[in-house]
Amino acid sequence: MRAVVWEGKPFEVAVRAVPKPTIELPEDAIVRVTTSAICGSDLHTYRGFFGINPNLPWVMGHEAVGVIVEVGGATEHFKVGDRVMLPWGPDSGHFSVEAQIFPSDYLGYGQGVEVERHLGGEIGGCQAEYIRVPFADDSLVLIPDQFSPDLDWLFLSDIFPTAWSGLDFSGFQPGESVAIFGCGPVGLMTVYAAKLRGASVIYAVDYVRDRLDRAAALGAVPIDFTHSDDGIASQQIIRRRPEGVVRAVDCVGFEAVNHRLRRDQSYVINECIAVTSVNGGVGLVGVYASSPASKSAPRAGEIDPIYEINLSAAWIKNLTIRTGIATEFVNLPVLFDLVKTRRVDLDFVVSSVVSIEDAPKAYERFEKHLETKVVFRFPWTEQQADNTSTPVKAEEKVETTTNGAAARNGTPSSNGTANGGRIVKPENGLTVQSMPTKKAYPM
């Protein structure tokens with residue numbers, strides 16, 4: 001099968017033929033991926049800063065929607081043909097009540113994680129034609145219909161639950177003001193969630209014009225923190241709102257840059273503290289991981305696990321600060337119902353839908369902030385839903401778009417894929433495949 005792989009070379013990924021996964025344990029399922037995406041956290045690996053497994057190569061990606069093509073004998077709740085969404089990591093297969101001084105395992109897809117035999121070995125990645133899902137009954141989410149587009153569900157795998165968790169971590173309540181630092185996919189989802197949850201005012205902080213424009217279209221006040229004449233972000237916000245904001249959310253993480261666009265790991269955390277009012281709260285959902293330098297993370301030594309934080313300001317303001325990995329499984333039932341009842345429409349972050357063969361170019365453009373969210377499309381057809389690894393190519397029709405936006409005129413098949421959609425060659429050099437966004441069910 002074809003897959004996007006990390007080979008340990010900063011600013012490079014490759015598309016390779018790799019072995020198709022097989023059932024390793026009776027609780028497994030094999031999913032034929034129909035849609036996956038590049039996450040902002042994938043860029044930490046792409047830039048060489050983060051990698052768990054020193055043994056290369058491995059398949060990238062942790063966001064996916066697909067169709068089950070094989071199940072193990074002990075899988076009870078799913079069957080071949082079910083459409084499913086994959087949360088960013090599988091279930092561990094056990095529940096522990098023992099206290100831990102440090103997490104004992106990390107089971108995210110797309111990091112080449114090697115685990116004990118009870119999980120069947122390496123955890124694969126989602127930027128591939130197929131993926132093995134251990135403990136499928138507890139690791140997959142059934143998509144309740146056969147007609148809604150993949151993009152309705154894809155972002156429940158990570159970025160929408162992460163955004164929701166960021167607001168939760170900050171202590172956000174309806175009617176409160178909030179500043180959101182970073183307007184990448186998670187930041188834009190946080191703006192969207194804050195609006196949905198009743199924020200009185202939302203400030204969106206970034207320096208990429210397209211991202212700020214998208215945030216403004218969602219109802220946020222855009223703040224470009226590199227405008228030296230206006231001051232840094234906290235100064236601009238306090239000038240507009242002298243009392244500050246009740247909540248702040250950091251959607252950036254350890255690759256933060258300051259107003260001169262120089263890397264400064266502590267900058268965004270301190271800006272969150274500076275702008276948050278007395279008795280307020282700060283949520284940190286940007287990645288703050290560190291790992292030893294290795295073949296898989298050759299630049300990890302550039303990341304200092306120690307941060308210089310203005311604790312005095314946080315203390316005197318009586319701020320609550322919470323950080324950690326997003327509590328996806330806690331929030332997923334609520335967010336699932338929001339999608340199911342069409343209260344939310346999450347594909348607004350997508351800037352391009354491309355073939356997996358264009359992954360190197362897509363990563364390069366995403367890393368340079370020329371894309372907001374890139375989705376990989378696998379042009380399977382209904383006839384291939386049963387255990388086949390050879391995709392049928394969609395009919396090519398070369399057209400040009402001016403901004404690389406995803407074409408949206410595909411017709412959904414019975415399994416929700418855009419069969420027979422055209423392939424578009426936009427000016428950004430990527431191969432963009434059409435995807436349906438029109439809902440196939442009634443209002």
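The values are calculated or read from the model by the stated rules, or taken from the named source; none is laboratory data. On a predicted model such as this, the values are computed, not experimentally measured, just so you know. So basically every Cβ, Gly included, is an ideal-geometry build from the backbone, and we count neighbours across all protein chains shown.
Quick look at the numbers
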| quantity | calculated |
| --- | --- |
| Whichever residue in the range 37-69 is in a strand (DSSP E or B) and over 22 Å from residue 285 (Cβ atoms) and, among such residues, is farthest from the chain's Cα centre (by Cα) | 69 |
| Residue in the range 286-293 that is farther than 28 Å from residue 58 by Cα and surrounded by fewer than 16 Cβ atoms within 10 Å (Cβ to Cβ) present | no |
| Test for residue 260: is it farther than 30 Å from residue 52 by Cβ and of a type in the set (D, E, K, R) | yes |
| Among the candidates 325, 321, 316, 303, residue that is modelled with pLDDT of 95 or more and surrounded by 15 or more Cβ atoms within 10 Å (Cβ to Cβ) | 321 |
| Residues that are surrounded by 20 or more Cβ atoms within 10 Å (Cβ to Cβ) and not in a loop (DSSP other than H, G, I, E, B), drawn from the range 70-105 | 71, 83, 84, 85, 86 |
| Single residue of the range 111-132 satisfying the filter (hydrophobic (A, V, I, L, M, F, W, C) and modelled with pLDDT of 95 or more) that is farthest from residue 336 (Cα to Cα) | 128 |
| Test: residue 56 is modelled with pLDDT under 95 and in contact with a Pro (Cβ under 6 Å, 6 or more places away or on another chain) | no |
| In the range 217-243, residue nearest to the chain's Cα centre (by Cα) [restricted to those that are crowded, with 19+ Cβ neighbours inside 10 Å and of a type in the set (Gly, Ala, Ser)] | 220 |
| Pair list, Cβ < 9 Å and 6+ apart or interchain, from the range 277-295 residues that are free of Cβ contacts under 8 Å to residues at least 40 places away in the same chain and over 16 Å from residue 43 (Cα atoms) to residues that are acidic (Asp, Glu) and surrounded by fewer than 24 Cβ atoms within 10 Å (Cβ to Cβ) | 293/302 |
| Close pairs from the range 323-335: first among the polar types (S, T, N, Q), partner part of a helix (DSSP H, G or I), Cβ under 6 Å, at least 6 apart | 327/165; 331/161; 331/164 |
| Scan of the range 244-276 for residues that are buried (at least 19 other Cβ atoms within 10 Å of the Cβ) and polar (S, T, N, Q), ordered by number | 265, 270, 276 |
| Those residues of the range 154-183 which are surrounded by fewer than 23 Cβ atoms within 10 Å (Cβ to Cβ) and either part of a loop (DSSP other than H, G, I, E, B) or free of Cβ contacts under 8 Å to residues at least 40 places away in the same chain (or both), in sequence order | 171, 173, 174, 175, 176 |
| Single unsatisfied condition, residue 44 versus (1) in contact (Cβ under 8 Å) with a residue 40 or more places away in the chain; (2) of a type outside the set (A, V, I, L, M, F, W, C); (3) more than 29 Å from residue 364 (Cα to Cα) | (3) |
| Within the range 204-216, considering residues that are of a type outside the set (Val, Ile, Thr), in contact with a Phe, Trp or Tyr (Cβ under 9 Å, 6 or more places away or on another chain) and in contact (Cβ under 8 Å) with a residue 40 or more places away in the chain, the one surrounded by the most Cβ atoms within 10 Å (Cβ to Cβ) | 214 |
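Here is a yes/no grid of residues against (1) closer than 16 Å to residue 186 by Cβ; (2) in contact with a Leu (Cβ under 9 Å, 6 or more places away or on another chain); (3) of a type in the set (Val, Ile, Thr):
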site	(1), (2), (3)
22	no, no, yes
51	no, no, no
54	no, no, no
58	no, no, no
65	no, yes, yes
